[in-house]
Structures are given as C-alpha cells and as structure tokens.
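Participant: Pasting a structure below so you can have a look.
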Amino acid sequence: DAEEYQPPIWKSYLYQLQQEAPRPKRIICPREVENRPKYYGREFHGIISREQADEILAGVEGAYILRESQRQPGCYTLALRFGNQTLNYRLFYDGKHFVGEKRFESIHDLVTDGLITLYIETKASEYISKMTTNPIYEHIGYATLLREKVSRRLSRTKNESRKASVTSEENTPVEKITSLVRRAALTQNDNHFNYEKAHNFKVHTFRGPHWCEYCANFMWGLIAQGVRCSDCGLNVHKQCSKYVPNDCQPDLKRIKRVYCCDLTTLVKAHNTQRPMVVDSCIREIEARGLKSEGLYRVSGFTEHIEDVKMAFDRDGDKADISATIYPDINIIAGALKLYFRDLPIPVITYDTYSKFIEAAKICNPDERLEAIHEVLMLLPAAHYETLRYLMIHLKKVTLHEKDNFMNAENLGIVFGPTLMRPPEDSTLATLNDMRYQKLIVQILIENEDVLF
C-alpha cells in the first residue's frame, strides 16, 4: 500500500569491494624508448618478453606496463599485476584505448576499471551470479519519471483480447521524497492503456555512484557500468536487463518527436490508445475530405506536408491542422501516409510480414481470411489497434467511392507499401510482394468488421 511504502535499502557490498580494489601503479621505463607510439606514455617499455615484464612487475599489486610483442612486432600488450600473477592483454587504439568492449580516454582509466572488475569478480563471483534471484524491482516497481511524490503502483492485467482495455485507479501520493527512488507518478483518475512494451536499453556511463534499480546492487566500474532505457530512464546492470519485464512506461521528456518514433513508445508516452497523428488526421479527413476526388492517391505539396509533420513534432496533439491553416485535404492525407512510412517498425511489423504474404497467397477465400485473422493476432496491441482504426476509416472512404473514386483495391495500392515493408531492404523482394501487399490491405478494408 502507498502509505506503507518504504524506500529501498541499496546493497552496498559491491560498492565496498570497489573501494578496496587495488589502485593502478604505472611503472615507468628508465630509458627512452625509440619508436614509442605517440598515444602511449613512459609506461611503454618497448619490445620485451613476457618473462621480462613479469620481473618488472613482480610483487607490486596493481602495477602495469605496456610492451611491444616480440612475436608480433607492431602489436602491443598491457601487462598487469593482479592476484600475485602477471596478466597480459592485447591492447588496441582507435582514438581510445581498449582491450574489450569498453573504450577509455587513457591507459590509467582502462587499468583502473580493469582492476575494479577483476577484484569484484574474484571476490564476489558467487554473489554476482545470484544478484537477480531476489530483485527489489518486484517490490517497488521501477524508475520512470523524476517525481517528488511517489505513487502506488498501478496493477496491470494482460491484454488478452488484443484490444486496448482502459483501467483507472485512484492513486494516493506518498509524502516521502527520495532522490534514490524514481517511480512513475500516476495522476489521479488517469487512464492507462495496457500495451506491453519492452525497454529500450542502451549501454550507459554513470557519473558518480549508481545502483541497479532491478537488484539494488552497486553498478561497478568507471564507464559503461550498466544500461539505461532511453525511453523511460530505468538504470540496471546489463545482466539484470534480461530479467526486467516488458513494462516500460516512456517518459515524455525523453520522447523528442512524434514522427519516426516507435509506435508503441509514442502511445505509451502520451497515454493514448493510438498515435495522436492518426486520430487527428483521420478526424480532419472524415470531417471535410471523404468526398475529395483521389483521396490518398492525389499528393499534397511536399513542403506543406513537412510543415504538418513539424507541427506534430513540436506541438503533439495540440497541432493545428484545420482547414484555416491547410485548406487542401490532400496535405493532411499526405501527412498521415508519411507518418506510417516514417515508422521505424511498420504498422504490419517485420516479424509478421512474411506470414501476411504467405496468407495472401492462399487461393481459398475463406482459408485466406482465417489465415490473415490468425496473423493479426500476432501484432503488438498498439499496432493492432492502430491498424483496426485505420481500416474502419478506409472502409468509410470506400463508401464514398462515387465521389472520391477510391475503392478498396485503389486504397490497397496506396497503403500496401505504406503499412508493410519486407524486413530486408531488397528492391526485388518489394517488387515481388507488391501485389500481395495491395491484396492484404484490400482484404483488411473489405472485411474489417469480420477481421477485427
């Protein structure tokens, strides 16, 4: 319960180990080395053997030198003393220094990070392997928005019908402020569409001490200590990210635009059933454009369509696309088509593309319809709902065919390549599939009442 909420207790064991880790000690070469690479300092000892490096570093924990390989001239090695033995790593430079995935500005930072990692993995390997078994995440939710007030976590139910269900719950704010816990603050009586969304994790370098918001353990190292969800801000260990549920709640502060944004990310960030672009454009088209000749086939002026795109990116659902600003309805229709073309993952997703094409190739109409319905059930909920709403709209367009000359087949030609694209960027595959893309959209329009 919100009133019983207590801030989590972060586990400091790994932080203490990082503090105990050996410090790097650079062993300077006593002589001037010829042909020393300009990006190495006096810790470079030239061409020496492993045995010589071992003698130089003997007995000094954390000591390190750089050397050129005797067996492979032009290849460089970091020799590092740890655990009473000399470890040798192949060293690379491409503007930054690295021996693995992480890249460092200086050799000193590379060695510091390496010693921390070696020390923690030596001392706490069993502990690290069990970090994810009792996650704090399950008890307190996760970090989404920076808020002063922490709200009760909204219970979620799986969307089994594939259509968005709407739930609302009154939330009691907790009058406890903590900078350590960042949770989604849900406004009172707000509607929350239960679309499942995976986190968009990217490797991140944290400045200052940081704790994993899944397991509550310290994220060790100097750089790239963990991953951060670029949509909601959740910070976790890379290994913990594999166990985080698909419950990302995007933060509007992180979603900088409307076009070219993942569809599910956009609707969850704005807490809408469908992208507001789709709702706004369709509302405007149905109000004043259903009888427009060549609707969706006739192109509007490109620069005006770009203006509409910029208006949505800038103002969101407050964008003014009325007849006063854009009297030509083809501009609004063009902006809607552009939105679908710009999606990083099409409305008919890459994962389901081949299944739709195979369904379209079925000769028996009843079997084909059943196959298409089965594939529709595989679409992510937000994609399904957007496609459903669009097909209802396009069916209305066909009801005015006498005026606009746009039947389901014509609309299929326009929207086929717009709503579905092959996973591989192949011109040949696109050309081969065009008639099936058209057919799929045509069938969806003609049978929207049955399929959805």
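The values are calculated or read from the model by the stated rules, or taken from the named source; none is laboratory data. Note that this is a predicted model, so its numbers are computed, not measured. So basically every Cβ, Gly included, is an ideal-geometry build from the backbone, and we count neighbours across all protein chains shown. All accessible areas refer to the heavy atoms of the entire protein, side chains included, with ligands and DNA or RNA removed. Shrake-Rupley method; radii C 1.70, N 1.55, O 1.52, S 1.80 Å.
Participant: Would you kindly give the portion of the calculated P(r) for region 1-138 that falls above 21 Å, as a percent of all Cα pairs?
Facilitator: Values: 4811 of 9453 pairs.
Value for region 1-138: 51 percent of Cα pairs lie more than 21 Å apart.
Participant: Same structure, new question: From the convex hull of the Cα coordinates of region 201-254, what is the mean projected area in square nanometres? Don't skip to the end; give the middle numbers.
Facilitator: Working: hull surface 14.5 nm².
Mean projected area for region 201-254: 3.6 nm², to one decimal.
Participant: Multiply the residue separation of R257 and S322 by 0.36 nm, subtract the distance between their alpha-carbon atoms, and state the gained length in nm to one decimal. Write out the running numbers ahead of the final one.
Facilitator: Values: separation 65, 0.36 × 65 = 23.40 nm, distance 2.08 nm.
Here the segment from R257 to S322 would lengthen by 21.3 nm.
Participant: What does the charge count around Y64 come to, taking other residues whose C-beta lies under 9 Å from its C-beta (Lys +1, Arg +1, Asp -1, Glu -1)? Don't skip to the answer; put the middle values down first.
Facilitator: Details: positive: K25, R26, R81; negative: E43.
It works out to a net charge of +2.
Participant: Equivalent ellipsoid semi-axes for region 188-322, as square roots of 5 times the alpha carbon gyration tensor eigenvalues: give them largest first, rounded to whole Å.
Facilitator: Numbers: eigenvalues 312, 50, 28 Å².
Whole-Å semi-axes of the equivalent ellipsoid: 39, 16, 12.
Participant: What per residue convex hull volume, in Å³, do the alpha-carbon atoms of region 350-450 yield? Don't jump to the answer; show the numbers that get you there.
Facilitator: Values: hull volume 9.8 nm³, N = 101.
So the per-residue Cα hull volume is 97 Å³.
Participant: For region 302-397, which trypsin sites (Lys or Arg not before Pro) are both in a DSSP coil and crowded by at most 12 other Cβ atoms within 10 Å? Intermediate results must be reported in sequence, preceding the final value.
Facilitator: Values: sites: K309, R314, K318, K337, R341, K355, K361, R368, R388, K395, K396; in loops: K361.
The qualifying sites are K361.
Participant: From the phi of every residue in region 260-268, what ³J(HN,Hα) in whole Hz does the Karplus formula 6.51 cos²θ - 1.76 cosθ + 1.60 yield, where θ is phi - 60° and glycine or proline is x?
Facilitator: 6, 9, 3, 4, 5, 4, 5, 5, 6
Participant: Follow-up question, since we're still on this one. Report, in listed order, any pair from K309/K337; K11/K197; K123/K238; K25/K202 with a Cα-Cα distance greater than 22 Å.
Facilitator: Details: K309/K337 11 Å; K11/K197 28 Å; K123/K238 20 Å; K25/K202 32 Å.
Too far apart for the 22 Å limit: K11/K197; K25/K202.
Participant: Just from its helices, what would the mean residue ellipticity at 222 nm be for the chain, if runs of 4 or more DSSP H residues each count -39500 (n - 2.57) and the sum is divided by every residue, rounded to the nearest 500 deg cm²/dmol?
Facilitator: About -11500 deg cm²/dmol.
Participant: To the nearest 20 debye, what charge dipole does the chain have about its Cα centre, counting +1 at the Cβ of each Lys and Arg and -1 at the Cβ of each Asp and Glu?
Facilitator: Details: 60 positive and 61 negative charges, 259 e Å.
Charge dipole of the chain: 1240 debye, to the nearest 20.
Participant: Starting at the first residue of region 440-452, write each ³J(HN,Hα) from the Karplus equation 6.51 cos²θ - 1.76 cosθ + 1.60 with θ = phi - 60°, in whole Hz, x for Gly and Pro.
Facilitator: 4, 5, 4, 5, 4, 5, 5, 10, 4, 5, 8, 6, 10
Participant: Across region 391-396, in residue order, what do the Karplus-derived ³J(HN,Hα) couplings come to in whole Hz, using 6.51 cos²θ - 1.76 cosθ + 1.60 with θ = phi - 60° and x for Gly and Pro?
Facilitator: 5, 4, 5, 5, 4, 5
Participant: Using a 1.4 angstrom probe, figure out how much accessible area the chain has per residue, in square angstrom, rounded to the nearest whole.
Facilitator: 51
Participant: Quick query: amide H of L91 versus all other amide H atoms, modeled in the peptide plane; which residues come in under 5 Å with a sequence gap of 5 or more or a different chain?
Facilitator: Here the answer is Y76, T77, L78, since their amide H atoms fall under 5 Å of that of L91.
Participant: Report, in degrees rounded to the nearest 10, the 0 to 90 angle that the Cα long axis of helix 365-376 makes with the longest principal axis of the chain.
Facilitator: That helix lies at roughly 40 degrees to the long axis.
Participant: Roughly speaking, to the nearest percent, how much of region 269-340's 1.4 Å accessible area is carbon and sulfur? Walk me through the numbers on the way to the answer.
Facilitator: Working: 1590 of 3230 Å².
Using a 1.4 Å probe with all protein chains present, region 269-340 comes out at 49 percent carbon and sulfur.
Participant: Also: Obtain the nm distance between the two label points defined at N88 and Y243 by a simple spin-label model: each point lies 7 Å from its Cα along the Cα-to-C-beta direction.
Facilitator: So the label points at N88 and Y243 sit 3.9 nm apart.
Participant: Let me ask another. Carbon and sulfur together cover what percent of the accessible area of region 403-452 at a 1.4 Å probe radius? Kindly include the intermediate steps, with their values, before the conclusion.
Facilitator: Details: 1190 of 2330 Å².
Result for region 403-452: 51 percent of the exposed heavy-atom area is carbon or sulfur.
Participant: Heavy atoms only, probe 1.4 Å: what % of the accessible area of region 12-128 goes to carbon and sulfur, would you let me know?
Facilitator: Details: 3000 of 6610 Å².
The C+S portion of the solvent-accessible surface of region 12-128 is 45 percent.
Participant: Moving on to the next point. Using amide H atoms built in the peptide plane, which far-off residues or other-chain residues are under 5 Å from E213 H to H?
Facilitator: N235, V236, H237
Participant: Could you estimate the translational diffusion coefficient of region 269-340 from the Stokes-Einstein equation, with Rh from the Kirkwood formula over C-alpha pairs, at 25 °C and 0.890 mPa s, in whole µm²/s? Before the final figure, lay out each step's value.
Facilitator: On the way: Rh = 12.2 Å.
The estimated diffusion coefficient comes to 202 µm²/s.
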